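Peer 1: Sending over a structure as structure tokens; questions will come in a sec.
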Amino acid sequence: MKLHKAISQHHSHFSFPFLLLLLHLLFLQAFSASRPASSSSSSSAYRDTQKLLNFKYSLPSPTLLPTWLPNQNPCAFNGISCKQTGVSSIDLSGTALNTNLTLVSTFLMTLDSLESLTLKSASLSGSISFPPKSKCSPLLTTIDLAENSLSGPISDVSSLGACSALKFLNLSSNSLDFSTKDSTGFRLSLQVLDLSYNKISGPNVVPWMLSNGCGDLQQLVLKGNKISGEMSSVSSCKKLEHLDLSSNNFSVSVPSFGDCLALDHLDISGNKFSGDIGRAISSCNQLTFLNLSVNHFNGQVPDMPTKKLKFLLLAGNGFLGTFPMNLLDTCAELVELDLSSNSLTGTVPDALTSCTLLESLDCPEITYLAVSLSLNNFFGRLPDSLSKLATLESLDLSSNNLTGPIPVGLCGDPRNSWKELYLQNNLFSGSIPPTLSNCSQLVSLDLSFNYLTGTIPSSLGSLSKLRDLIIWLNQLSGEIPQELMNLGSLENLILDFNELTGSLPIGLSNCTSLNWISLSNNKLSGEIPGWIGKLTKLAILKLSNNSFYGNIPPELGDCKSLIWLDLNTNFFNGTIPPALFKQSGNIAVNFIVSKTYAYIKNDGSKECHGAGNLLEFAGIRDDQLKRISTRNPCNFTRVYRGMIQPTFNHNGSMIFLDLSHNFLSGSIPKEIGKMYYLYILNLGHNNISGSIPEELGKLRSVNILDLSSNILEGTIPQALTGLSLLMEIDLSNNHLSGMIPDSGQFETFPAYRFINNSGLCGYPLSPCGGASGPNANAHQKSHRRQASLVGSVAMGLLFSLFCIFGLLIVAIETKKRRKKKDSALDVYIDSRNQSGTVNGWKLPGTKEALSINLATFEKPLQKLTFADLLEATNGFHDDSLIGSGGFGDVYKAKLKDGSIVAIKKLIHISGQGDREFTAEMETIGKIKHRNLVPLLGYCKVGEERLLVYEYMKYGSLDDVLHEPKKAGIKLNWAARRKIAIGSARGLAFLHHSCIPHIIHRDMKSSNVLLDENLEARVSDFGMARLMSVMDTHLSVSTLAGTPGYVPPEYYQSFRCSTKGDVYSYGVVLLELLTGKRPTDSADFGDNNLVGWVKQHAKLKISDVFDPELMKEDASLEIELLQHLKVACACLEDRPWRRPTMIQVMAMFKEIQTGSGIDSQSTIATEDGGFGAVEMVEMSIKEVPESKQ
């Protein structure tokens, strides 16, 4: 009827032939409608259409699926496929549906003929459920819901049992977890199940999943979770072909896989399996893929079922002995062999060439052949027979102890198809064989970290496919060959730390694919040519520590991808060209991917120039960095590693700019303020003049700013106080004047960052104020001199009499005090020995002990002795005890001048010498900040160590918050907020502004003390390091932190980091918000405070807040939620996702200014450091641990 109506309404618009065609179609429609089968099909199509449209109109954005329209055949809808019976397949992958799974199961899974449903990365959230009154399609065999935000326990998946035909289920990359409360097990009969990269943890996951049988299961993928415990039940899955348990927390002896006759693919890498793997898989004769990498297997490499193996990956274990020749006996099908990162030794065997597939390519489907023996202890010379592996594509022998020359015949076979040759970090000597050019298919050549001499062979210019030419840290001389101009595919030219001379070869202008040029620490000279601006893909240019001269070419601004420019320590002159920054805001770096780097941060010594050194670091052992020190005067204790991952999308800017130690003049261009993502700016040690431009305040991401040793004038712009991420600044040795800004990060910087600016004043320098000028009246001076002379004579006589009288009193009083102190010491020693506590004091003698002086950092305490401390604490009597902790007891002491201090008597530390103790105390004593408890002095008496601290009136936050009646004070939200910010500021100072940086290691509420103004003071910083033999490692027995505050990674690696402190701080912030201690609350059940809060996040999050705060003011909820968001960011399970303490401070500042919290302000770090170089977040990020 609608069609007839449409024709009658619009007949004037149709031509006569077209009307005839329509009449013909109507006839066919009427004819087909009379047939029963067609009627059924039409009815099915109608039902499908209605369900699809109901789904569309239930979405938050009903316009999202524009082709899904009424009166249209559903088979024409985007993402829909049909068979004769109706809609058979739906694929809406990548469509942001922004809905929950209930809608999906109600309207889509119930389509009568649906066989396959794919909603990968479709912004689905909520739990997995199927409506009880709905009927799932009896034909639905495949459901793919990967890469969404589905949550809840995996037991919910059993609700999909309503889909009786379901065989393939992919729920990877969601947020599903595991609950021990459901004992019924998995109630699905699947062939393929993928639950990888969820949040599944616990020791009984695998037995629970397979408790109802696994007779049909062919593929099980659980990688990237935190599953532990037993997994022996997989041996009952007789049809299992593919098993992936990689990147979990299994730490058991590997069980037998039983009669694994169907098992083809086994990946248990990235766990802590141990035991006899050879016995466990002895029956798995069908294996073609075996990955045992990164586990705890050790001993000799066992016999393997290698008859059908194509991929054998054993890297990152503890295998010992020589090359496992048993692998070569039956390796006829071997395609990839990885034995890297073990402890294998001996020589590289000639027999390696016996693997026929490694020698000749029989199978056309095999496209990649690789052998990796890197990071072992192989020694001796390379065998010439390796040239027989002609069809090999990748040979990695890096980081061994191979010696001698690189064999001339290595590329001797004319059939050679090698694409990757990695020989870095060995002991090769001699020259680079020109015959390497016979490997005409080479894409990557890395000969770094050897002792190669001579020149770079010009014949390498014939390697037309070469992308990576990496030969840094050798002893190469001569010029960079002009023939490299023929390498049109060259992307990375890295030749640092050699003895190369000459200038940049003009032929490099032809290498338009170059994105990393690194030639630092050579003897190169000449000017930077203007043609370098034609390299539009150039992202990293390092020419530091050479003898380049002339002007910095403005054409560098035409390098539209330049993010890292290091020209420090050369002879450049002239001005900084404003055109250098014209690419800012337009950079899209999308081609520097997966390069392993090391960033060596300047340690601040005079000999070590520049901000730091970025080095390509693939395949090189960390402990080999000392070899660089022979060619560079820098201290390499601050080394950060990671993986390059570009993230700019046509909006980037330079992130690193170092022009220091040159002869640049003129002013700082205001255009520099356009570099929004700049993290490091070093213009120090030049002749730059003028004022500091206000535009520097626009560098919102800058972490390090060095303008020292120039001739800058004027004041420090107030705009710089807005740089909330600024960790280091150096403005010393200029002509600056005025008051140092007293807000923002400036209150955390030490004085030496501002010295030798005669006109500067204010904290941390001397206060600003009006001193007497030199123009006083001369007549007044004369009268003063006469009066002064008469007064001096009179005062001299009085003073003499006073001194005589005073000496008599002092002598009498001293005699009394000495008797009193002797008595106090004797009483104390007797009481200690009688009680047996502390095993008595081992003193060098009473008289000697009494006279031991305190080493002090405050003038009023300079003459204190151990005897004074005894008297002030009544012989360290229990009445003076005010606290006890992991590092010792704390006593309140009233000194003879009436002042009150706190004295910490450290626990006994076995094996620690006086030198280490004194050095650490001298370091800690110099650290002063308003949010840290200052160390006033220390002394060592026998084997006892005493520390004297400033006394804090209100004690610890733990006492005040959790026992307010005992503390006599109740904390409202304003006070708690002040404490949160203050303790964050103190911790940020330790992490970012102390030299050396300090990791607290035991941040908790009892280590946050409150002074008379309720200002938070972080205490016990430096104590864990004092107790620790290793600077950044925990002792498992005593230094694993305090339960409830310990970050999850400490239980795995026992390695401390600043990100561990950030986690502990997050717990303290939760305490302030909830009023609860981190453990032992009846509300928590099996959880702690962190788990309890995360659990409530799925329910009603406001229920976690302290009721006392909500009573105070209900309108506080929004602000409390903002602070809770900060806490949750700090409590991320993965350290690299946590913010730094500087960023936490920035979050608090944004809350205070009412602009909310930037959820993107996180930095990736391993700490050791950058993990993604803390200052280089946007472009250089560490690969997350679970995905390495």
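Peer 1: Determine if the stretch 531-540 includes at least one residue that is crowded, with 19+ Cβ neighbours inside 10 Å, among the polar types (S, T, N, Q), at pLDDT below 95 and out of contact with any Pro (no Cβ under 6 Å at 6 or more places or on another chain). Even if it seems obvious, please write down each step before you answer.
Peer 2: Residues of the stretch 531-540 crowded, with 19+ Cβ neighbours inside 10 Å: 532-533, 535, 537-540.
If we keep only those that are among the polar types (S, T, N, Q) too, we end up with none.
So far as the stretch 531-540 goes, no, none of its residues is crowded, with 19+ Cβ neighbours inside 10 Å, among the polar types (S, T, N, Q), at pLDDT below 95 and out of contact with any Pro (no Cβ under 6 Å at 6 or more places or on another chain).
Peer 1: Which count do you get for residues in the stretch 65-115 that are part of a loop (DSSP other than H, G, I, E, B), within 16 Å of SER125 (Cβ to Cβ), out of contact with any Ser or Thr (no Cβ under 6 Å at 6 or more places or on another chain) and not hydroxyl-bearing (Ser, Thr, Tyr)?
Peer 2: So the count comes out to 1.
Peer 1: Restricting attention to the stretch 541-555, which residues are more than 15 Å from LEU495 (Cα to Cα), touching a Ser or Thr at 6+ places or on another chain (Cβ under 9 Å) and buried (at least 17 other Cβ atoms within 10 Å of the Cβ)?
Peer 2: If the condition is that a residue be more than 15 Å from LEU495 (Cα to Cα), touching a Ser or Thr at 6+ places or on another chain (Cβ under 9 Å) and buried (at least 17 other Cβ atoms within 10 Å of the Cβ), then PHE548, ILE552 are the ones that fit.
Peer 1: Across the stretch 117-174, which residue is farthest from the chain's Cα centre (by Cα) among those that are in a strand (DSSP E or B) and aliphatic (A, V, I, L, M)?
Peer 2: Checking each candidate, the answer is LEU117.
Peer 1: If the Cβ limit is 7 Å and pairs must be 6+ apart or interchain, which residue in the stretch 1137-1163 that is in the same structural domain as SER983 (by TED's automatic domain parsing) and part of a loop (DSSP other than H, G, I, E, B) pairs with which residue that is modelled with pLDDT under 70 and not hydrophobic (A, V, I, L, M, F, W, C)?
Peer 2: ARG1138/THR1162; PRO1139/SER1161; PRO1139/THR1162; THR1140/GLU1174
Peer 1: What is the residue count in the stretch 696-739 for residues that are surrounded by fewer than 17 Cβ atoms within 10 Å (Cβ to Cβ) and charged (D, E, K, R)?
Peer 2: 2
Peer 1: Then there's this: Only one of (1) surrounded by 15 or more Cβ atoms within 10 Å (Cβ to Cβ); (2) closer than 21 Å to ILE672 by Cα fails for ASN492. Which number is that?
Peer 2: (2) is the only condition that ASN492 fails.
Peer 1: Separate question: Filter the stretch 925-984 for residues that are assigned to a loop (DSSP other than H, G, I, E, B) and basic (Lys, Arg); which is nearest to ASP868 (Cα to Cα)?
Peer 2: Checked the stretch 925-984; the qualifying residue nearest to ASP868 (Cα to Cα) is LYS953.
Peer 1: Out of ALA980, ALA975, which single residue is under 34 Å from the mean Cα position of the chain (by Cα), assigned by TED's automatic domain parsing to the domain that holds LEU1116 and surrounded by fewer than 18 Cβ atoms within 10 Å (Cβ to Cβ)? Lay out the reasoning, then the answer.
Peer 2: On the way: ALA980 fails: surrounded by fewer than 18 Cβ atoms within 10 Å (Cβ to Cβ).
Unique residue meeting the criteria: ALA975.
Peer 1: Exactly one of these conditions fails for PHE257: (1) surrounded by 16 or more Cβ atoms within 10 Å (Cβ to Cβ); (2) part of a strand (DSSP E or B). Give me its number.
Peer 2: Here PHE257 clears every test but (2).
Peer 1: Right, next: Testing SER544 on (1) under 24 Å from GLY612 (Cβ atoms); (2) in contact with a Lys or Arg (Cβ under 7 Å, 6 or more places away or on another chain); (3) small (Gly, Ala, Ser), one condition comes back false. Which one is that?
Peer 2: (2)
Peer 1: Also, I was wondering about something else. Look through the stretch 363-393, keep the residues that are under 25 Å from LYS310 (Cβ atoms) and polar (S, T, N, Q), and return whichever of them is modelled with the lowest pLDDT.
Peer 2: Step by step, filter the stretch 363-393, then rank; the result is THR367.
Peer 1: Hey, among the residues in the stretch 691-706 that are among the acidic types (Asp, Glu) and in contact with a helix residue (DSSP H, G or I) (Cβ under 9 Å, 6 or more places away or on another chain), which one's farthest from TYR679 (Cα to Cα)?
Peer 2: GLU694
Peer 1: Give me the pairs: first residue in the stretch 721-740 and outside the structural domain of PHE1148 (by TED's automatic domain parsing), second residue assigned to a loop (DSSP other than H, G, I, E, B) and charged (D, E, K, R), beta-carbon distance under 7 Å, and six or more apart or on different chains, which are they?
Peer 2: Close Cβ pairs (under 7 Å, with a partner that is assigned to a loop (DSSP other than H, G, I, E, B) and charged (D, E, K, R)) amount to LEU723/ARG700.
Peer 1: For the stretch 57-72, check the following and say yes or no: at least one residue is modelled with pLDDT under 90, buried (at least 17 other Cβ atoms within 10 Å of the Cβ) and on the phi < 0 side of the Ramachandran plot.
Peer 2: Checked the stretch 57-72: no residue is modelled with pLDDT under 90, buried (at least 17 other Cβ atoms within 10 Å of the Cβ) and on the phi < 0 side of the Ramachandran plot.
Peer 1: Report yes if some residue within the stretch 274-295 is of a type in the set (Phe, Trp, Tyr) and crowded, with 22+ Cβ neighbours inside 10 Å; otherwise report no. So that I can check it myself, show each step before the final result.
Peer 2: Within the stretch 274-295, the subset of a type in the set (Phe, Trp, Tyr) is 289.
Subsequent filtering for residues that are crowded, with 22+ Cβ neighbours inside 10 Å retains none.
No, there is no match, as no residue in the stretch 274-295 is of a type in the set (Phe, Trp, Tyr) and crowded, with 22+ Cβ neighbours inside 10 Å.
Peer 1: So LEU445 ticks every box in (1) under 21 Å from LEU382 (Cα atoms); (2) modelled with pLDDT under 95 but one. Which box is left unticked?
Peer 2: Among (1) under 21 Å from LEU382 (Cα atoms); (2) modelled with pLDDT under 95, the lone unmet condition for LEU445 is (2).
Peer 1: Go through SER159, SER175, SER164, SER113 for me and flag whichever is surrounded by 16 or more Cβ atoms within 10 Å (Cβ to Cβ) and within 29 Å of ASN204 (Cα to Cα).
Peer 2: Being surrounded by 16 or more Cβ atoms within 10 Å (Cβ to Cβ) and within 29 Å of ASN204 (Cα to Cα) holds for just one of SER159, SER175, SER164, SER113, which is SER159.
Peer 1: Tell me the residue from SER251, SER247 that is buried (at least 18 other Cβ atoms within 10 Å of the Cβ) and polar (S, T, N, Q), please.
Peer 2: Answer to the selection: SER247.
Peer 1: Among (1) within 23 Å of LYS465 (Cα to Cα); (2) buried (at least 18 other Cβ atoms within 10 Å of the Cβ); (3) free of Cβ contacts under 8 Å to residues at least 40 places away in the same chain; (4) outside the structural domain of PHE617 (by TED's automatic domain parsing), which single condition is SER509 missing?
Peer 2: Failed condition: (2).
Peer 1: If you go through the stretch 178-198 one residue at a time, how many are of a type outside the set (Phe, Trp, Tyr) and modelled with pLDDT under 90? Working first, answer last.
Peer 2: Filtering the stretch 178-198 down to residues of a type outside the set (Phe, Trp, Tyr) leaves 179-185, 187-196, 198.
Keeping just the survivors that are modelled with pLDDT under 90 gives 179-185, 187-189.
Qualifying residue count, the stretch 178-198: 10.
Peer 1: Still on this structure, I have one more. Out of GLU499, GLU483, I need the residue that is over 30 Å from SER629 (Cβ atoms) and either basic (Lys, Arg) or surrounded by fewer than 22 Cβ atoms within 10 Å (Cβ to Cβ) (or both). Which one? Explain how you work it out, then say what you get.
Peer 2: Details: GLU499 fails: over 30 Å from SER629 (Cβ atoms).
Testing whether each residue is over 30 Å from SER629 (Cβ atoms) and either basic (Lys, Arg) or surrounded by fewer than 22 Cβ atoms within 10 Å (Cβ to Cβ) (or both) leaves just GLU483.
Peer 1: Continuing with this model, one more query. If only one of SER196, SER211, SER235 is assigned to a loop (DSSP other than H, G, I, E, B) and either within 30 Å of SER341 (Cα to Cα) or in the same structural domain as GLY126 (by TED's automatic domain parsing) (or both), which one is it?
Peer 2: Being assigned to a loop (DSSP other than H, G, I, E, B) and either within 30 Å of SER341 (Cα to Cα) or in the same structural domain as GLY126 (by TED's automatic domain parsing) (or both) holds for just one of SER196, SER211, SER235, which is SER196.
Peer 1: For residues in the stretch 1122-1136 being modelled with pLDDT under 90 and part of a helix (DSSP H, G or I), which is surrounded by the fewest Cβ atoms within 10 Å (Cβ to Cβ)?
Peer 2: So the residue we want is TRP1136.
Peer 1: What tally of residues in the stretch 661-672 results from selecting those that are surrounded by fewer than 20 Cβ atoms within 10 Å (Cβ to Cβ) and either in contact with a helix residue (DSSP H, G or I) (Cβ under 7 Å, 6 or more places away or on another chain) or among the aromatic types (Phe, Trp, Tyr) (or both)?
Peer 2: Matching residues across the stretch 661-672 total 4.
Peer 1: With surrounded by fewer than 18 Cβ atoms within 10 Å (Cβ to Cβ) and more than 22 Å from HIS296 (Cα to Cα) as the only criterion, which of GLY215, GLY152, GLY202 stands out?
Peer 2: Result of the check over GLY215, GLY152, GLY202: GLY215.
Peer 1: Quick check on the stretch 989-1022: of everything there that is of a type in the set (D, E, K, R) and in a loop (DSSP other than H, G, I, E, B), which residue is nearest to the chain's Cα centre (by Cα)?
Peer 2: Selected residue: ARG1001.
Peer 1: Separate question: If you scan the stretch 394-409, which residues turn out to be crowded, with 17+ Cβ neighbours inside 10 Å and either assigned to a strand (DSSP E or B) or at pLDDT below 90 (or both)?
Peer 2: Here is the first cut: in the stretch 394-409, the ones crowded, with 17+ Cβ neighbours inside 10 Å are 394-400, 402, 406-407.
Of everything in the stretch 394-409, those that are crowded, with 17+ Cβ neighbours inside 10 Å and either assigned to a strand (DSSP E or B) or at pLDDT below 90 (or both) turn out to be SER394, LEU395, ASP396, LEU402.
Peer 1: Within the stretch 96-110, restricting attention to residues that are of a type in the set (A, V, I, L, M, F, W, C) and buried (at least 19 other Cβ atoms within 10 Å of the Cβ), which residue is nearest to GLY152 (Cα to Cα)?
Peer 2: By that ranking, first place goes to LEU101.
The values are calculated or read from the model by the stated rules, or taken from the named source; none is laboratory data. Since the model is a prediction, treat every value here as computed from it, not as a measurement. All Cβ positions, glycine included, derive from the backbone under ideal geometry; neighbour counts span all protein chains shown.
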